[in-house]
Amino acid sequence: MDFGVLGGAKSEEAIVHRLIYEYLVGIFDRKFDFDVWSCRKEKGLIGAIQRCHNLEKKYSHKVFWRADVSKFFESVDKEKLFSTIAKQIQDKKALWLIHEIIFSFKKGISIGNLTSQIFANIYLNEFDRFVRNSLKPPGYLRYGDDFVIFEDNFKKLDSHKILAESFLFAHLKPNVHQKNNFVGKVSQRIKFLGCRITPREISLNSRNKKRLFHRLNYKNISSYFGLVQKFGDKELKKKFAWKLFDHT
């Protein structure tokens, strides 16, 4: 059965994804690390950016490693993801539906489905636990497949990088995206989630400013509005207001 065309109706597909998402959140969310901010109640994108800023202020004299996973959704091992979920679920009907969703794609999992967001948190939970319990850095934050690790010095951070990258590849298959793999001093700035973040301020980067105008639609308008209102400058807020007017 091709779950992607269940019932031949997009609305039915969306309802099923929502139900499975809520079902999995109820089981797994309490198992996630506090500083996992993607697709969780009372967290989200703006919360992750603000949390990163707060950690920078707290660790202003330390160093950081900012990275993300290369082609994360494509690289997910579907067998491993499903087996991880199956260990926590007894309901056979729910497992059947989850299996249909996960294995309805030829490679990895879909980036656009709501269920894929909770799948990402479940899949990377093992990595979160490794960082928190084995590496034990002073600070750690993850949003989706983007993460930041704070440490006292570059020597410790280099060791963390080697161990974390090895763990990712050995246990979860994904590799760190080399172009977005950056180490620096917290006192400088961290480019994270479309923002330039320093201990003093947060601002949207130029690329994100251009992208939000091109990608703006009715589905993401509330998210972009919150982002601009929270971190945009006066000029950006004015331009965005006119753009919103065009969409009404």
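Rolling a 1.4 angstrom probe over the protein chains, ignoring ligands and nucleic acids, what is the accessible area of Cys39 in square angstrom, nearest 10? Here the residue's solvent-accessible area equals roughly 40 Å².
Electrostatic tally near Lys173: other residues with Cβ closer than 13 Å to its Cβ, Lys and Arg +1, Asp and Glu -1, net -2. Taking the Cα centre of the range 34-161 as reference, the dipole from Cβ charges on Lys and Arg (+1) and Asp and Glu (-1) amounts to some 200 debye.
Using the average count of surrounding beta-carbon atoms within 10 Å as a protection proxy, the listed peptides 30-37, 90-97 rank, highest first, as 30-37, 90-97. Taking the three principal axes of the alpha carbon atoms in the range 65-120, the coordinate ranges are 40, 24, 19 Å, sorted in descending order. On the beta carbon distance between Ile89 and Arg30, with R0 = 22 Å, the FRET formula returns roughly 0.90.
The values are calculated or read from the model by the stated rules, or taken from the named source; none is laboratory data. All figures in this text were calculated on a predicted structure; none of them were measured in a lab. Virtual Cβ from ideal backbone geometry, glycine too; neighbours counted across all protein chains shown. Just the protein is used for accessible areas: all its heavy atoms, side chains included, with ligands, DNA and RNA removed. Shrake-Rupley method; radii C 1.70, N 1.55, O 1.52, S 1.80 Å.
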